[in-house]
Amino acid sequence: MISFLNGTFRLDTLHTSYLFRVTKFGHLENIHYGEYLADQPLDAILLKHTAVIGSTVVYDASDPVYSLDTLSLEWSGIGKGDYRHSPAEIKMPDGTFVTDFVYQEHRVVDGCIPMQTLPSSYGDKKDCRTLEITLTDRPGQVTLLMYYTVFPDTDIITRRAVLLNNNDKPLVIRKMMSMMIDLPNRNYSLVTFQGGWIKEAHREDQRLHYGLFVNESTTGSSSNRHNPGFLLAEQGASESYGRVYGFNLVYSGNHYEGIELSNQDLVRVMAGVNPHCFEWPLSKGERFESPEAVMSFSDQGYNGMSGHFHDFTNRHIVRGDWKEKERPVLLNNWEAHFFSFTEGKLLRLARSARRLGVEMFVLDDGWFGKRDTDTSGLGDYNVNRKKIRSGLPEFAKKINRMGMQFGLWFEPEMVNPDSDLFRAHPEYAVQIPGRKPALGRNQLVLDLCNPKVRDYIVESVRGILTAANITYVKWDMNRHMSDMYSPCLTSQGEYFHKYIIGLYDILHRIFSDQPHILLESCSSGGNRFDLGMLCYSPQIWASDDTDPVERLEIQKGLSYLYPLSAMGAHVSSAPHQQTLRATPLSSRFNTASFGCLGYELDLKYLSRLEKNEVKDQIAFYKEHRRTLQFGRFYRHDPYKNNKVHWQTVAADQGESVAGFFQTQSAAGEGFDFLPLTGLDGGSKYTIRTRPQPIYVKRFGALINFILPFHIHPEGILAGMINKLYSLTDCVEEYQGYGDILHSGVKLNNQFVGSYYNPQIRLLGDFGSSLYMISRVKP
Ligand code: GLA
């Protein structure tokens with residue numbers, strides 16, 4: 001797994017190898033990161049330095065071709081001839097910015113070396129080994145520890161760095177990345193995940209150009225704008241073919257990823273805490289730890305790389321009782337009620353949910369203090385008895401008696417100026433003396449750098465969790481940072497990072513001894529969808545956008561980096577509150593079923609037929625939940641722009657669920673097929689459409705061509721028929737061996753405007769179907 005021979009380090013996973021060596025001057029030179037290499041002479045793959053490259057600075061007069069600027073490095077300093085972006089900018093004890101870290105020693109340990117201030121991946125000696133390399137800047141008396149943890153079974157290597165000041169004089173860190181690597185360019189494209197509120201994680205591809213591209217967040221969170229995860233893919237890579245690298249950070253704050261193509265065609269990649277407004281003093285004996293960076297490589301395209309990230313997150317990031325445990329189907333009352341509810345309303349909704357098979361009832365915002373709008377009450381977590389007459393412990397019991405678990409929403413990091421908490425403790429809020437603080441969603445941020453504030457949050461949340469039987473918490477965070485300041489800091493440049501360290505401390509103190517509580521992190525949807533939060537919350541609310549057409553983009557984007565078991569996905573009412581788009585109930589479920597399923601709507605507005613449909617959806621989901629949450633997930637390359645194909649396959653290949661989604665319909669749609677992969681080639685499978693209803697309203701005036709009598713398509717009668725009568729969308733059933741099915745199942749025609757019969761698939765705009773693929777028992 002990790003070896004050191006003739007000055008060369010070799011890190012191997014099941015399918016990848018990572019090689020670097022110590023140069024004659026002590027720098028670490030990357031030799032290879034990519035496909036697994038058998039033990040063999042390496043001369044052929046070493047980067048050659050036979051000419052003096054013009055305009056370079058020579059590191060040592062004894063060797064005119066040794067220039068740091070043209071080496072493929074594992075870490076680089078400043079001021080010794082490398083003019084590419086440096087992973088560290090340190091005002092050294094002598095007041096200069098020059099650093100030159102060279103190899104001193106190394107050790108290899110079994111398992112992981114836990115961090116002191118930040119969450120990180122975990123594993124014991126059968127899962128992973130860690131290489132610790134000590135580098136020193138000798139004149140400065142500063143040590144850099146670089147950690148490489150190798151997880152062979154998931155093809156992941158993590159990296160991080162720790163800086164130690166051994167000098168009597170202090171130093172100041174202005175930038176300190178977690179990792180850096182130089183790779184020869186192979187015409188790479190950079191894939192990042194960009195967005196904003198209700199449009200998170202949209203995949204963006206761009207060819208690498210000479211110069212530096214930065215993917216970063218400055219909002220105080222990992223952010224819905226630029227997820228910290230990104231990919232490098234060789235030209236032509238697809239979902240199933242080609243070389244793809246993936247990088248991510250176990251961090252929830254401001255992050256920075258620099259990707260620089262140098263004039264010598266080396267790609268420098270680095271990732272870590274964002275240097276934006278960052279300044280960290282380090283006195284003698286103090287250390288600074290950077291977050292853990294996660295790297296993977298696959299020559300099996302994007303899906304191959306995603307599979308590594310998914311397994312790694314499920315096995316080595318998510319911890320506690322919910323590790324690899326199926327998530328309950330929940331109903332959240334937010335989109336049903338917003339702030340306006342009574343206990344009676346909630347209980348009616350809960351009863352109805354239970355009848356449909358929901359397993360957990362989640363009470364969202366508005367249950368406490370004077371919280372009838374988002375302008376007041378945040379911070380005052382005393383139950384509002386006008387809304388919940390019997391109080392939380394009793395209300396929880398009522399939900400439990402129905403046979404459901406009870407979950408509750410909090411936004412503990414925030415305060416409304418109009419709240420008792422703020423009136424009593426204005427100093428708990430982040431604001432700069434003498435400046436008027438800017439509000440976001442009418443609220444201020446609490447100062448998590450202040451230990452008193454952290455204690456207050458821990459006590460108030462714990463108090464509620466111990467008083468009532470609450471087995472799920474939605475932990476929200478609904479604004480970006482502004483007016484960054486804390487009286488508790490030595491340097492204000494520590495603010496952003498210490499806030500996140502404070503957050504992790506709070507989460508650890510509240511939840512580590514209550515592992516049965518399922519934590520779902522949320523930040524206006526996916527504003528903090530990252531591996532740092534996943535160390536505490538096994539699932540994250542992916543987006544406030546519950547429109548399934550938008551969700552296809554959002555969940556697809558997230559799936560490159562995170563497993564389906566981590567994605568909260570809900571069925572809501574249509575037209576959707578975020579887009580005004582009307583979508584079929586079946587498509588809302590079909591999309592949400594590729595994630596942790598929930599419902600978020602007022603069930604009283606559903607007709608009896610629709611309730612039956614929801615009941616069937618939940619029953620189907622429960623039956624195939626392990627495959628849907630933990631199966632191997634594949635995105636298929638779409639053969640047409642208006643199609644999306646997803647598939648998830650059980651670990652034992654015994655079953656698979658495939659989704660066929662159509663965004664906009666096109667006139668006269670051609671032949672469709674269902675792409676499939678991941679099945680056992682030698683096994684026989686039955687493939688069958690999951691039956692779903694089509695409501696007659698979908699046909700508009702065409703209804704008159706189906707019915708034996710004429711009605712007004714918008715009239716009362718049409719409304720009644722719609723509530724009482726539905727058609728079943730075309731159900732197809734085939735059998736075939738896995739290898740045959742891998743060539744794609746040809747499906748029946750779509751409705752193309754000519755006529756209708758039950759063998760025609762009815763998709764239209766935003767239509768979709770799920771297909772159940774089950775191995776035939778011999
Ligand atoms: C945020 C969340 C929503 C909901 C509201 C409540 O927007 O993302 O899901 O909880 O807050 O105020």
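Quick notes on this structure:
- Residue check for Val58: part of a loop (DSSP other than H, G, I, E, B) and open to solvent by 40 Å² or more (accessible area, probe 1.4 Å): yes
- Yes/no for Asn224 being polar (S, T, N, Q), buried (at least 24 other Cβ atoms within 10 Å of the Cβ) and either within 20 Å of Tyr504 (Cβ to Cβ) or touching a residue at least 60 places away in the same chain (Cβ under 8 Å) (or both): yes
- Of the residues making up the stretch 378-389, those that are assigned to a loop (DSSP other than H, G, I, E, B) and within 28 Å of Leu448 (Cβ to Cβ) are Leu378, Gly379, Asp380, Tyr381, Asn382, Asn384.
- Segments classed as strands (runs of 3 or more DSSP E), wholly inside the stretch 161-210, with at least 3 members that are surrounded by 15 or more Cβ atoms within 10 Å (Cβ to Cβ) and over 25 Å from the mean Cα position of the chain (by Cα): 171-184
- Lone qualifier among Glu326, Glu286, Glu335 - being open to solvent by 10 Å² or more (accessible area, probe 1.4 Å), in contact (Cβ under 8 Å) with a residue 12 or more places away in the chain, within 16 Å of the ligand (Cβ to nearest atom) and among the acidic types (Asp, Glu): Glu335
- Consider the stretch 364-377 and keep the residues that are touching a Ser or Thr at 6+ places or on another chain (Cβ under 9 Å), over 16 Å from Trp334 (Cα atoms) and assigned to a loop (DSSP other than H, G, I, E, B). The one that is most open to solvent (accessible area, probe 1.4 Å) is Lys370.
- Residue list for the stretch 293-309, filter: under 15 Å from the mean Cα position of the chain (by Cα) and either buried (at least 24 other Cβ atoms within 10 Å of the Cβ) or within 16 Å of the ligand (Cβ to nearest atom) (or both): Ala293, Val294, Met305, Ser306, His308, Phe309
- Candidate set from the stretch 342-363 (those that are open to solvent by 10 Å² or more (accessible area, probe 1.4 Å) and not in a helix (DSSP H, G or I)); member that is farthest from the ligand (Cβ to nearest atom): Gly357
- Tabulated pairs, the stretch 25-41, first farther than 28 Å from Gly304 by Cα, second in a strand (DSSP E or B) and open to solvent by 30 Å² or more (accessible area, probe 1.4 Å), C-beta under 7 angstrom, 6+ apart or interchain: Phe25/Asp60; Gly26/Tyr103; Leu28/Val22; Leu28/Tyr103
- Of all the listed residues (Gly140, Gly123), the sole one being touching a residue at least 40 places away in the same chain (Cβ under 8 Å), under 30 Å from Ser537 (Cβ atoms) and either open to solvent by less than 50 Å² (accessible area, probe 1.4 Å) or not in a strand (DSSP E or B) (or both) is Gly123.
- Helices (runs of 4 or more DSSP H) lying entirely in the stretch 390-475 (those with 2 or more residues that are within 15 Å of Gly379 (Cβ to Cβ) and touching a strand residue (DSSP E or B) at 6+ places or on another chain (Cβ under 7 Å)): 420-424, 451-467
- Ser240 meets each of the listed conditions (1) in contact with a helix residue (DSSP H, G or I) (Cβ under 8 Å, 6 or more places away or on another chain); (2) open to solvent by less than 30 Å² (accessible area, probe 1.4 Å) apart from (2).
- Options Tyr66, Tyr103: the member that is part of a strand (DSSP E or B) and in contact (Cβ under 8 Å) with a residue 12 or more places away in the chain: Tyr103
- Boolean, Pro515 is away from the ligand (no atom under 16 Å from the Cβ) and open to solvent by less than 20 Å² (accessible area, probe 1.4 Å): no
- Qualifying positions in the stretch 393-420 - open to solvent by 10 Å² or more (accessible area, probe 1.4 Å) and over 18 Å from Leu363 (Cβ atoms): Pro417, Asp418, Asp420
- Residue satisfying all of: in the stretch 439-468; more than 16 Å from the ligand (Cβ to nearest atom), surrounded by 15 or more Cβ atoms within 10 Å (Cβ to Cβ) and polar (S, T, N, Q); farthest from Ile510 (Cα to Cα) among these: Asn450
- Check on Arg581, open to solvent by 10 Å² or more (accessible area, probe 1.4 Å), over 21 Å from Phe766 (Cα atoms) and of a type outside the set (Gly, Ala, Ser): no
- In the stretch 382-408, the qualifying residues are those that are within 15 Å of the ligand (Cβ to nearest atom) and in contact with a helix residue (DSSP H, G or I) (Cβ under 8 Å, 6 or more places away or on another chain), and the one that is nearest to Val473 (Cα to Cα) is Leu408.
- Taking (1) open to solvent by 20 Å² or more (accessible area, probe 1.4 Å); (2) at positive phi in turn, Tyr36 satisfies each apart from (2).
- The number of residues in the stretch 409-438 being within 16 Å of the ligand (Cβ to nearest atom) and either farther than 30 Å from Asn469 by Cα or aromatic (Phe, Trp, Tyr) (or both) comes to 2.
- The set of residues in the stretch 527-552 that are near the ligand (Cβ under 9 Å from one of its atoms) and touching a strand residue (DSSP E or B) at 6+ places or on another chain (Cβ under 7 Å) comprises Trp541, Ser543, Asp544.
- Unmet criterion (only one of (1) within 30 Å of Val649 (Cβ to Cβ); (2) within 16 Å of the ligand (Cβ to nearest atom); (3) hydrophobic (A, V, I, L, M, F, W, C)) for Phe312: (2)
The values are calculated or read from the model by the stated rules, or taken from the named source; none is laboratory data. Everything numeric here is computed off the predicted structure, so don't read it as measured data. For neighbour counting, all protein chains shown are included, and Cβ atoms are generated from backbone atoms with ideal geometry for every residue, glycine included. Ligands, DNA and RNA are excluded from the accessible area calculation, which covers all protein heavy atoms including side chains. Shrake-Rupley method; radii C 1.70, N 1.55, O 1.52, S 1.80 Å.
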